[in-house]
Amino acid sequence: MLSTAQFVLLALKFHATMYGVGEDYCGDYDAEPEACAHGAITASGEVFNPEQLTAAVPMPRNRILRVAVVQLRAFDGECLTIRIIDKKNERFVGNSGLDLTPAVVAALTGKEATRHWSGKVDAC
């Protein structure tokens with residue numbers, strides 16, 4: 001059985017994307033989806049804040065997310081400590097990267113985050 005860290009390593013094989021700008025992908029799988037905006041409850045039970053350095057990882061819905069801390073970088077830049085606190089839909093396991101908050105994208109790229117950003121990130 002794969003751990004949260006192993007799902008993160010799998011996701012790092014693909015381009016990361018950004019989330020947390022109000023798209024309707026957050027919340028409990030069995031309930032009505034809610035907007036991924038400040039105040040949404042994440043898979044770890046923490047409150048989502050797009051201004052924090054956090055991310056979501058593709059994981060099966062029947063797996064409990066254990067919060068993980070990873071160090072990421074983009075473009076051979078500085079390493080940032082990111083907390084994995086949320087899950088992407090299980091249909092993305094093995095074919096999609098991490099979902100990063102706007103704060104992570106801005107910190108990694110040194111530019112304002114844009115809604116449709118995607119890029120390669122690596123573990124440090």
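The values are calculated or read from the model by the stated rules, or taken from the named source; none is laboratory data. Keep in mind it's a predicted model, so treat the numbers as computed, not measured. Neighbour counts run over all protein chains shown; Cβ positions are idealised from the backbone, glycine included.
Which members of the stretch 3-22 meet the condition of being at pLDDT 80 or above, assigned to a loop (DSSP other than H, G, I, E, B) and over 15 Å from Ile41 (Cβ atoms)? Selection gives Ser3, Leu12, Lys13, Phe14, His15, Val21.
Output the residues belonging to the stretch 27-76 that are in a strand (DSSP E or B) and modelled with pLDDT under 90.
The first filter runs over the stretch 27-76 and keeps only residues in a strand (DSSP E or B), leaving 34, 41, 47, 54-58, 68-73.
Passing the criteria: Glu34, Ile41.
For the stretch 95-117, residues that are exposed (fewer than 15 other Cβ atoms within 10 Å of the Cβ) and not β-branched (Val, Ile, Thr) total 6.
Considered as a group, the residues in the stretch 77-87 that are part of a strand (DSSP E or B) and in contact (Cβ under 8 Å) with a residue 40 or more places away in the chain include one that is surrounded by the fewest Cβ atoms within 10 Å (Cβ to Cβ), and that residue is Ile85.
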